[in-house]
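Below is one structure, written out as structure tokens, with a few remarks after it.
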Amino acid sequence: MSQLNQVLFHENSRVGADLKAWESTIGAQGLSKALADTAAIIPMIEQAGLRGLGGSGFPTFKKWQFVAAQPNEQDKYLICNGNEDEPGTFKDRILLQEAPHQVIEGACVTALACGINRIIFYINPDQTESISSMQTAVAQWGDSEWFNKVERALGKPLEVRVMPSSGHYIGGEETAAIESVEGHFPFPRGKPPFPAESGVHGKPTLINNMETLSNVSHIVRNGAEWFRSLGLGEATGTKIYCLSGDVLYPGAYELPMGTPLSTLINEYGGGMLMDKKLKAVFTGGPSNTILTPKDLDVPLDYENVAARDSSLGTGAMIVISEGTGIVKRVAEYVNFFAHSSCGQCPPCKNGTFYAAQLLTRIDTGRGSRADLHALKNLCNMLPGAGRCHMLDGAMKVLTSSMQHFMHEYEQAVDR
């Protein structure tokens, strides 16, 4: 892990929930600088090129500017999103368990930049170790002077709490997370209004992923140019790539943003299991498009992956070897989305369920050409029909699989 000892998993930050140990190394240095000049934080984040690392890749500073522009006399909320329920994605869980203090410090710096005084660490309830680690770490920060310093700089009472999310996959969508924080079922909201204007209890709300926040204090501590220099090519910073599937060494690897896919699989993943040939890579988890062996040279950053008609997403890479049926794998993923639908939008609830049924029939040899035609129609009709992006993700992976492996679908209905 070439950058592992320099950024998010700094070797001296592996101190669990021991705040004193964190402070004895690099801890709170970024926060100290932020307290000294809060006006400089957002420009520095802009210059660094930090982007949302939960999947969207949206420029972080723009989100912050929207919230910072709202009147500071009112409460403002920060939801630190660690719902992380998509298959193949497990980076936030590792950050929360192994380096909780840098997440908290990043959240405090973010609060200073935007005038936020309500910080909520929103964590998947199945990740009990992550919740326990963050509760212990937050308690230690509460016993120190840091929260008091942030509160004085804000000029209003600071509240920091750890909250289990709803446990639903859809609960990670930003407006669904707002509903959960308010105590409701996580139905995604329509936009506008956007969370920056009206979020939790109608107050300005910022939602950032845990990995995004983990970078913040390091950027403030070391400067924008330092962060930019960590990336390869035009990319900036580092990315935690969650590598799983048919590789020898699956795991979470923090590498320079823009690391080639071949390097991730062969140098860090140890190559393919049993020396099988690579067949496909599901990028960004199962809600995304597929890369094939011709894409092994692609630098894993937002622009270069997008140029291959794919998306980096959360940075999860699920590797599939020759001999694995694509139809079966896509059927499993679409079935996951069908069960994860909140039911608010009929096209999503019914469309994902119907697609999962068709895929199961085709995969088990009971499908027909009419079923295959129906799948194609769903791919054309359903994208954009839901309130959130879940339906689009389900259709995206289905469409991509049919583009690259239509012969497998045809063989399945012809047998």
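Taken together, the values in this text are just the output of simple stated rules run on the coordinates, not laboratory data. These figures come from a predicted structure and were not determined experimentally. Here the Cβ is made from the backbone with ideal geometry for all residues, glycine too, and neighbour counts use every protein chain on show.
For the pair Asn266 and Ala39, how long in nm is the line joining their label points, each one 7 Å along Cα→Cβ?
So the label points at Asn266 and Ala39 sit 5.2 nm apart.
Taking every DSSP beta bridge with both residues inside the stretch 18-166, roughly what % is antiparallel (nearest 5)? Mind showing how you got there, number by number?
Values: 1 of 13 bridges.
Antiparallel bridges: around 10 percent, rounded to the nearest 5.
In straight Cα distance, which aspartates and glutamates are under 20 Å from Lys279, not counting same-chain residues fewer than 8 positions off?
Excluding near neighbours in sequence, the set is Asp246, Glu267, Asp295, Asp297, Asp309, Glu322, Glu332, Asp363, Glu408, Glu410.
Looking only at Cβ-Cβ distances, which cysteines of the chain have no other cysteine closer than 4.7 Å?
Cys80, Cys108, Cys114, Cys242, Cys342, Cys379, Cys388
With each label point set 7 Å from Cα along the Cα-Cβ vector, what nm distance links Glu410 and Arg366?
2.6
What percent antiparallel are the DSSP beta bridges of the chain, to the nearest 5?
Within the chain, antiparallel bridges account for around 45 percent of the total.
Cα extents of the stretch 316-401 along the three principal axes, largest first, in whole Å?
Principal extents (Cα only, largest first): 37, 34, 20 Å.
With each run of n ≥ 4 DSSP H residues scored as -39500 (n - 2.57), what mean residue ellipticity at 222 nm is computed for the chain after dividing by its residue count and rounding to the nearest 500 deg cm²/dmol?
It comes out at -13500 deg cm²/dmol, rounded to the nearest 500.
So, with +1 on the Cβ of K and R and -1 on the Cβ of D and E, and no other charges, what is the size of the charge dipole of the stretch 89-178 about its Cα centre, to the nearest 20 debye?
Approximately 240 debye in magnitude.
What is the count of Lys pairs in the stretch 11-229 whose alpha carbons sit under 25 Å apart, if the two are 8 or more places apart or on different chains?
Here the count comes out as 26.
Using amide H atoms built in the peptide plane, which far-off residues or other-chain residues are under 5 Å from Ile207 H to H?
Close amide H contacts, sequence-distant or interchain: Ile79.
Only Lys, Arg, Asp and Glu count, each charged at its Cβ (+1, +1, -1, -1), so figure out the dipole size of the stretch 11-229 about its Cα centre, rounded to 20 debye.
In debye, rounded to 20, the stretch 11-229 gives about 520.
Could the peptides 82-91, 96-105, 29-38 be put in order, highest first, of the mean number of other beta-carbon atoms found within 10 Å of their residues?
Per-residue Cβ counts within 10 Å, averaged per peptide and sorted highest first, yield 96-105, 82-91, 29-38.
Applying the Karplus parametrisation 6.51 cos²θ - 1.76 cosθ + 1.60 with θ = phi - 60° to the phi angles of the stretch 200-208, what ³J(HN,Hα) value in whole Hz is obtained for each residue in order, glycine and proline being reported as x?
My calculation for the stretch 200-208 gives 4, 6, x, 9, x, 9, 10, 10, 10 Hz in order.
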